[in-house]
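> Before we start, here is the structure in question, set down as structure tokens.
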Amino acid sequence: MTHLLLPDLAGFSVEQVTLAGGIILVVVQSQTAGSSCPDCAQFSSRIHSRYQRTLADLPWSGRTVHLVVQVCRFFCKHPACPRKTFAEPIPELAERYARRTTRLKEVFEHLGLALGGEPGARLAPILGMSCSPDTLLRLLRRLPDHPIEPPRVVSLDDWAWRRGSRYGTMICDLERHRRLDLLPDRDVKSAAAWLARYPSIEIVSRDRGGEYAEAARIGAPQAVQIADRFHLSQNLHEAVDQAIRRRYPEIHSLLAPSGEVVVGEDLPLKRDDAAKEATQKRRMARYERVKVLHEQGYSLAQIAAYLGMKQETIQKYLMQPPRPSVYKPRHGKLDLGTNPLFIGDSFRRAAATPLRFGGELQQQGYTGGATIVVNYVTQLRQLIGEPSAAGPVMRTRPTPLKAVVPSPREIAWWFCLPINRLTTKQQEHLQLLQERDNELSSLYDLAQAFFRMIREHSSSLLSLWMQNALESQTSELRSFARGLGRDDAAVRAGLDLPWSQGQIEGQITRLKLIKRQGYGRAGFDLLRQRVLHAA
């Protein structure tokens with residue numbers, strides 16, 4: 001039983017084992033004949049006194065275990081040593097001044113790493129142990145960093161404290177598959193300083209961002225930089241998607257049967273982003289077509305098959321109109337019906353002289369600019385049916401679709417995927433677009449050629465591809481090619497070498513889980529410990 005209860009107690013003898021109040025008390029006696037002074041290292045066997053240390057240990061069969069260890073205090077025999085007596089150390093059981101055994105401390109560290117403070121403290125009593133959340137977090141913060149062997153291939157990527165506002169940096173060793181460090185920012189100086197500490201670095205894998213490219217150039221000038229292939233393909237797909245959205249009215253007219261109304265015709269929604277404007281028009285046109293078909297007596301199943309939509313979505317459209325946030329501008333500082341500044345004949349004066357009226361509103365407490373007033377008055381004119389400089393009023397009932405035309409996003413995937421992954425109908429539509437439009441045909445050939453280089457891990461044809469892309473009619477493709485030219489060496493290395501950002505992306509996914517377990521209350525020091533010491 002003693003072997004089952006206790007760890008290896010070399011130098012100790014078990015004197016007594018009792019069970020009182022659900023707690024197992026194990027009394028052990030030290031058998032050490034002497035010890036060395038911690039100050040002068042002089043060995044002494046002269047016993048001054050004995051005392052007891054009570055240590056919490058791992059539970060046995062769900063019962064709490066306490067070790068009562070009787071240790072000696074020795075005289076220091078060195079006459080010049082300021083320490084007259086010293087206590088016998090027991091490093092095989094516990095650290096100096098500790099109140100728990102080393103193996104119990106390690107279990108608490110694993111609990112804290114896996115669960116955090118509050119969840120780990122709630123689980124500990126169920127396992128027969130007792131620990132507060134602060135103790136778990138304190139143990140985590142005291143964990144020493146793992147020694148870092150000089151890395152050769154490292155990867156840098158950013159992670160978000162709060163997406164769009166604050167970012168940090170993770171650094172991984174791609175050869176040894178381990179996390180090396182976590183930085184609290186995405187600053188060039190901090191990343192370059194970390195890289196400069198390890199002159200053994202030969203390869204730096206990164207995304208297409210400029211911060212890490214500059215950091216690698218400053219901190220590891222001897223290293224070869226690699227632009228990640230996934231980010232290259234993602235950038236090209238975004239360029240193709242933007243080109244398809246820009247050309248979508250022509251594409252729709254080519255794929256739609258004769259007599260069909262072009263999606264987005266005469267829908268003057270005011271948006272700064274052309275891609276979002278096209279999506280907005282397409283959604284509004286689909287909503288209007290659902291209403292028209294329902295009024296003509298078609299069932300939900302027929303409308304769903306006709307438009308390629310789910311019956312639940314169609315039913316939602318028929319039960320209530322679309323949410324204003326989808327089809328109308330967001331409410332700003334001026335809002336009809338809720339702003340007391342638009343009362344009486346205020347709107348008529350605003351419609352006549354919006355700039356002057358904006359100045360009057362500012363005198364009454366309005367904090368926005370005059371341009372907001374002008375845009376808002378233009379929208380109000382459209383709502384009441386008055387003509388304005390912004391364009392004609394949106395018609396309420398376009399002609400129903402004769403056939404389902406794919407969205408720009410789906411068509412963009414046609415240009416990026418291999419031909420054998422497309423359906424027969426998609427291949428027919430793609431061939432039609434290539435035959436009818438030279439720009440789309442060239443865009444497809446160039447996109448397929450670049451993705452072929454990525455799949456084959458070869459940059460031998462990159463120079464020819466960039467020359468053809470710069471001479472193409474597609475402005476988005478020319479912009480993408482110019483970006484490749486500014487990062488030419490890293491792009492070629494990314495196409496030729498086997499390293500990529502895939503491994504560090506998985507580590508960042510783990511980091512996101514750990515960060516969310518902290519409910520946003522954990523500081524960087526605790527997050528760093530949990531990420532670097534995670535199993």
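> What are the ³J(HN,Hα) couplings of region 523-533, residue after residue, when phi is run through the Karplus curve with 6.51, -1.76, 1.60 and θ = phi - 60°? Round to Hz, x for glycine and proline.
Couplings: x, 5, 4, 6, 4, 4, 5, 5, 6, 6, 9 Hz.
> Points 7 angstrom from Cα along the Cβ direction at residue 41 and residue 196: gap in nanometres?
Calculated label separation equals 3.7 nm.
> Please state, as a whole number in µm²/s, the translational diffusion coefficient that the Stokes-Einstein equation yields for region 463-532 at 4 °C and 1.567 mPa s, with Rh defined as the Kirkwood radius across alpha carbon pairs.
The Stokes-Einstein estimate is 84 µm²/s.
> Out of all Cα-Cα pairs in region 116-201, roughly what percent, to the nearest whole number, are more than 17 Å apart?
Here the tail beyond 17 Å accounts for 62 percent of pairs.
> Normalise the Debye intensity by I(0) for region 1-130, one equal point scatterer per Cα, no solvent, then take log10 at q = 0.15 Å⁻¹ and round to two decimals.
So the normalised log intensities are -0.77.
> Once phi is turned into ³J(HN,Hα) by the Karplus curve 6.51 cos²θ - 1.76 cosθ + 1.60 with θ = phi - 60°, what whole-Hz value does each residue of region 180-189 show in order, with x for glycine and proline?
9, 6, 10, 10, x, 9, 10, 7, 5, 5
> On full extension of the chain, what length is gained from residue 84 through residue 427, given 0.36 nm per residue of separation minus the C-alpha to C-alpha distance?
Extra length from residue 84 to residue 427 when fully extended: 114.4 nm.
> Highest mean first, how do 432-444, 292-304, 201-213 rank when packing is the count of other Cβ atoms within 10 Å averaged over residues?
201-213, 432-444, 292-304
> Using 1/(1 + (r/R0)^6) with R0 = 56 angstrom and r between the beta carbons of residue 319 and residue 122, what's the FRET efficiency to the nearest 0.05?
That pair, residue 319 with residue 122, gives E of 0.80.
> At 0.36 nm per residue, minus the direct Cα-Cα distance, what do residue 114 and residue 175 gain on full extension? Give it in nm, one decimal, please.
19.4 nm is the gain from fully extending residue 114 to residue 175.
> For labels at residue 296 and residue 471 in the simple 7 Å Cα→Cβ model, what's the distance in nm?
For the pair residue 296/residue 471, the computed spacing is 4.9 nm.
> For region 439-522, build the charge dipole from Cβ charges (+1 Lys, Arg; -1 Asp, Glu) around the Cα centre, then report which of 506, 519, 449 sits farthest towards its positive end.
About the Cα centre, the residue reaching furthest to the positive side is 519.
> Beyond a 30 Å Cα-Cα separation, which of these cross-linked pairs lie in this structure: 316/515; 310/515; 189/512; 310/512; 281/425?
316/515; 310/515; 310/512
> Test of understanding: what is the full-extension gain from residue 17 to residue 54, defined as 0.36 nm times their sequence separation minus their Cα-Cα distance?
Roughly 11.9 nm would be gained on extension.
> Here's something else I'd like to know. Between residue 29 and residue 253, what is the label-point separation in nm under the 7 Å Cα-to-beta-carbon projection?
According to this spin-label approximation, the distance is 10.3 nm.
Read-outs throughout are calculated quantities, based only on the coordinates presented, and are distinct from any laboratory measurement. Since the structure is predicted, the reported quantities are computational estimates derived from the model, not experimental observations. Counting neighbours? That spans all protein chains shown, and the Cβs are built from the backbone with ideal geometry, glycine included.
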